[in-house]
Amino acid sequence: MSPSFTNTYCYLRKSRADGEETVEEVLSKHERIIQEYAVRTWNAELPQSRILREVQSGETISSRPVMRQLIEKIKEKEVEAVLVVDLQRLSRGDLLDVGTLSQLFELTGCLILTPQKSYCLKDEYDRRFFEMELMHGNDYLEYTKKIMGRGREQSAREGNYIGSRRPFGYERIFVNKRPTLAIVPEEAEIIRLIFELYTGPDRLGPYLIASRLNEMGLHPQRADKWTQDAVRSIIINPLYIGKILWNRRKTEKEYRNGEIVTTRNLSEDFILSDGKHEPIISREIWDRANEIRKTRTHPPARRDRAKLVNPLAGLMRCSVCGKAMSYKLCYDHKYKTPLPPIFICTTMGCETRGATVSDTMSALEALLRKTAGELEVEEARQETPFDPTEYSRQIYVNQIAEMEKQRERLYDFLERGVYDEETFLKRNASLRQKIEEAQARLSEIHEKEKTADETAAFGSTLQRCIESINNPSSSAESVNQLLKEILSRIIYKRAKTTRFKKDNVPLELELIFK
């Protein structure tokens with residue numbers, strides 16, 4: 001059976017250009033093939049509203065939003081058939097993605113159409129061929145990635161710049177068909193100024209340097225303002241002394257809290273070679289800057305990325321800029337001793353003042369205790385000497401059952417001629433109204449019970465949050481999980497320190513419950 005034209009969707013995907021063709025040209029060519037097939041099959045072209053385009057790698061379904069949108073449409077039975085140039089356009093993912101798609105098309109009965117053949121995965125042979133074709137595509141993808149990775153590494157060792165974006169201070173050029181960099185004079189002056197401010201007599205830190213650049217009206221490459229992280233990344237980048245750094249961070253996948261997450265961890269197996277581009281900074285100045293940087297560093301807040309150290313991660317945001325408050329470990333460089341960790345807003349120019357983690361958690365506990373007290377008062381106010389809920393429920397259940405029996409007798413009386421049609425309609429309408437009223441009262445009782453249960457569960461979780469905050473042995477992860485059960489957001493408020501008001505600036509938290 002051929003699928004309906006109105007319920008057939010086309011999916012076009014391309015991850016990169018082939019040869020001299022751009023991605024847009026490749027997608028356009030694929031669309032022409034699809035439309036020719038549609039005209040041969042249905043005597044009409046598919047409308048643009050049912051052509052889904054995606055420029056994305058075929059490695060995983062999770063990284064392709066348009067594909068996920070198509071999957072949802074298939075699950076909702078909006079799609080009878082998916083039209084693709086070839087099966088590998090759907091996915092070149094691993095066994096997990098192959099199994100996901102195979103099960104989806106098999107259980108929904110959605111067809112897969114290609115210009116060469118149509119596939120119904122309810123058929124055993126079509127399903128086997130489909131899975132084999134997708135696995136062959138994954139094998140080809142892995143082989144291609146391996147070959148291309150090997151080529152990039154060799155190119156980096158030869159001193160070519162193979163980054164996808166140009167670094168600040170340079171523009172990408174080709175010399176003898178090899179990618180390299182050429183200095184952008186205006187941006188190079190800013191690079192030199194950064195190193196001069198960092199290594200000069202004043203030895204300004206990244207934050208103050210970023211502020212100075214913003215005051216001078218200078219802008220970075222892809223943002224409106226300079227940040228301390230942008231300044232720090234320039235100081236540590238060996239690109240500016242004529243080096244090529246490749247594979248400093250490697251993308252790895254791991255299980256975390258039952259989900260597959262992608263991380264970019266520092267790697268010891270990196271490439272550092274002499275580049276073909278001209279340096280902006282001398283090696284002497286760069287070495288001096290990084291020696292200064294080493295004296296200013298302190299242990300990172302998260303040595304073990306698998307272990308959460310911030311109990312308010314994903315919850316607390318600054319009231320001024322709306323950005324997440326950062327958890328920072330502090331270090332006394334003079335006495336070489338650690339200081340209490342703090343919460344601080346790292347947004348450049350934000351006037352919110354930080355606070356220690358202990359003070360913030362104490363303020364949070366006080367607010368939670370206040371909420372628990374208000375909840376107890378409200379529950380006490382609503383309590384009655386006895387709970388008539390169960391009694392009321394049974395009354396309405398019995399009434400509805402009795403009235404349903406009366407409705408059955410009405411039909412019997414109508415059939416036997418005891419009631420005429422007019423009398424039957426009046427009595428039936430009256431009974432129907434009484435039944436609906438009783439059902440409404442019963443629904444109110446159920447709603448009250450549901451609300452009472454939710455309030456009790458909220459109160460129980462609230463008490464566990466308070467106990468967990470007070471318990472020194474509670475991990476940051478356990479506290480964070482408990483708080484996220486009842487809170488959707490914590491708004492952090494603390495005004496900027498003034499000359500006359502240094503230590504008494506109040507810390508305010510606003511809790512937004514779920």
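Observations on the structure shown:
- Only listed residue being surrounded by 15 or more Cβ atoms within 10 Å (Cβ to Cβ) and under 30 Å from Asp274 (Cβ atoms), chosen from Ile162, Ile74: Ile162
Every residue, every condition in (1) part of a loop (DSSP other than H, G, I, E, B); (2) in contact with a strand residue (DSSP E or B) (Cβ under 7 Å, 6 or more places away or on another chain); (3) not assigned by TED's automatic domain parsing to the domain that holds Arg166, yes or no:
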residue: Leu193; (1), (2), (3): no, no, no
residue: Glu196; (1), (2), (3): no, no, no
residue: Pro201; (1), (2), (3): yes, no, no
residue: Tyr207; (1), (2), (3): no, no, no
residue: Arg212; (1), (2), (3): no, no, no
residue: Arg222; (1), (2), (3): yes, no, no
residue: Trp226; (1), (2), (3): yes, no, no
residue: Ile234; (1), (2), (3): no, no, no
residue: Leu245; (1), (2), (3): no, yes, no
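- Ile112 buried (at least 16 other Cβ atoms within 10 Å of the Cβ) and assigned to a strand (DSSP E or B): yes
- Flag for Gly58 being out of contact with any Leu (no Cβ under 6 Å at 6 or more places or on another chain), at pLDDT below 90, assigned by TED's automatic domain parsing to the domain that holds Thr114 and crowded, with 19+ Cβ neighbours inside 10 Å: yes
- Scanning region 38-56 for residues that are over 15 Å from Thr6 (Cα atoms) and under 38 Å from the mean Cα position of the chain (by Cα) yields Arg53, Glu54, Val55, Gln56.
- Candidates in region 213-243 are the residues that are charged (D, E, K, R) and buried (at least 17 other Cβ atoms within 10 Å of the Cβ); of these, the one that is nearest to the chain's Cα centre (by Cα) is Arg232.
- Candidates Glu437, Glu447, Glu421 - the one that is closer than 20 Å to Tyr396 by Cα, among the acidic types (Asp, Glu) and more than 43 Å from the chain's Cα centre (by Cα): Glu437
- Scanning region 341-352 for residues that are of a type outside the set (A, V, I, L, M, F, W, C), surrounded by 15 or more Cβ atoms within 10 Å (Cβ to Cβ) and outside any strand (DSSP E or B) turns up Thr346, Thr347, Thr352.
- Test: Leu218 is in the same structural domain as Asn247 (by TED's automatic domain parsing), part of a helix (DSSP H, G or I) and modelled with pLDDT under 95: no
The values are calculated or read from the model by the stated rules, or taken from the named source; none is laboratory data. Please read these numbers as outputs of a predicted model, since none were measured by experiment. Glycine gets a Cβ as well: all are built from the backbone with ideal geometry, and neighbour counts include every protein chain shown.
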